[in-house]
Each structure stands twice: as structure tokens, then as C-alpha cells.
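For reference, the structure discussed in these notes is given below.
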């Protein structure tokens with residue numbers, strides 16, 4: 001994770017690795033021989049932080065504006081935090097029912113941005129993973145406008161990754177299973 005987590009605070013790093021191992025705060029505190037209060041002193045735990053979908057949707061749209069305006073560096077720089085927040089929205093959707101659809105819709109839009117941006121810079125393998133996450137989130141949103149944006153074609157890995165566009169600095173063929181229109 002060297003370099004990837006440099007933007008995270010110590011508390012966020014602890015929470016990241018704790019969740020990655022599947023530990024609760026209580027279990028981790030027990031493993032290090034401390035109380036959960038002591039562990040909480042290092043910063044806010046991500047479990048206590050479940051963002052609301054509306055402010056996140058605004059951030060996602062700003063990143064989309066950067067992508068569409070040709071500011072790929074800014075869009076790429078925004079992706080790690082947006083993807084982390086999308087995961088937190090998915091966790092919120094799993095725990096709460098009132099804004100479940102909105103949480104999944106914002107997650108779908110975030111992963112769609114990741115898929116298209118990564119495809120544009122030539123990271124097709126990771127792009128396909130993001131596209132699959134976007135489709136799953138779109139399905140979970142139960143919103144037909146998220147699954148079929150603006151009356152267009154249904155979301156597919158080809159449409160989400162921009163498989164018909166050429167990544168910067170390369171000339172590639174469409175992935176297997178994608179047809180030219």
C-alpha cells in the first residue's frame with residue numbers, strides 16, 4: 001500500500017487495515033491489549049462515518065466535469081477518495097433503508113466514472129472491475145434511470161468502460177464480446 005494510502009490519516013489507516021482483516025474495533029483493541037476508547041483516540045473510525053448520498057453526488061459530478069473537460073489528472077486524483085466514499089455509501093445502504101436507493105445510485109455513478117477514466121488512461125483490466133461494480137450498484141439502486149441512463153442503452157461493461165474509445169496513446173481493439181455499432 002506504499003504510496004496509495006499516503007492521503008489517509010493514521011486513524012483512517014488503522015480502520016482500513018482493521019476492516020481489511022475483518023476485525024471489529026473491540027477485537028483489534030483486544031489484540032493490542034488496549035481499550036476501544038484508547039483505539040478511538042487515533043481518529044474517527046470509518047464505521048462511525050457513513051456519508052449521506054447528496055453531498056457525495058455533488059463531488060462525483062465535479063469529478064465527471066473534470067473528466068469531460070479533459071482534466072484527467074484531476075479526475076484520476078479524485079478517484080481513490082470517491083471510491084472509498086462509494087464503499088461507505090454501500091455500507092450505509094446495507095444498514096439503513098431510508099436512502100438505500102440513493103446510496104447505490106451514487107455508488108454506480110462513482111464506479112462508472114472510475115471505469116471510463118481508467119479505460120481512457122489504458123487501465124482496461126481495472127476498468128472492467130469498476131464497470132462490474134457500477135452495474136451491480138445500478139441494479140441494487142432499483143432505479144431504472146440509473147440502470148438505463150437518460151433513456152439510452154442498458155449499462156454493460158462495454159458501455160461503462162468506453163470500450164469503443166481509444167485509450168490515450170494507444171490503438172486497441174474492443175474487448176471480446178463488444179460489438180461495433
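Condition (residue is under 18 Å from residue 92 (Cβ atoms) and either modelled with pLDDT of 90 or more or in the same structural domain as residue 120 (by TED's automatic domain parsing) (or both)) applied to the range 59-75: is it met by at least one residue? Yes, that holds for at least one residue.
Any idea which residue in the range 43-56 is modelled with the lowest pLDDT, counting only those that are within 10 Å of residue 15 (Cβ to Cβ) and assigned to a loop (DSSP other than H, G, I, E, B)? Out of the qualifying residues, it is 45. Cβ-Cβ contacts under 6 Å between residues 6 or more apart (or on different chains), taken from a first residue in the range 1-30 that is closer than 22 Å to residue 81 by Cβ to a second residue that is at pLDDT 75 or above, are listed as 5/13; 18/28. So which residues in the range 134-150 are touching a residue at least 40 places away in the same chain (Cβ under 8 Å) and within 12 Å of residue 83 (Cβ to Cβ), if there are any at all? Once the filter is applied, which keeps residues that are touching a residue at least 40 places away in the same chain (Cβ under 8 Å) and within 12 Å of residue 83 (Cβ to Cβ), the range 134-150 yields only 137.
Take the conditions (1) assigned by TED's automatic domain parsing to the domain that holds residue 19; (2) modelled with pLDDT of 90 or more; residue 40 misses just one of them, which is (2). If you go through the range 110-125 one residue at a time, do you hit one that is assigned by TED's automatic domain parsing to the domain that holds residue 63, in a helix (DSSP H, G or I) and under 19 Å from residue 99 (Cβ atoms)? Yes, the range 110-125 contains at least one residue that is assigned by TED's automatic domain parsing to the domain that holds residue 63, in a helix (DSSP H, G or I) and under 19 Å from residue 99 (Cβ atoms). A residue that is surrounded by 19 or more Cβ atoms within 10 Å (Cβ to Cβ) and at pLDDT 90 or above occurs nowhere in the range 92-101.
The values are calculated or read from the model by the stated rules, or taken from the named source; none is laboratory data. Predicted model, so just to flag it, every value in this text is computed and none were measured. Cβ coordinates were reconstructed from backbone atoms using ideal geometry, including for glycine residues, and neighbour counts include every protein chain displayed.
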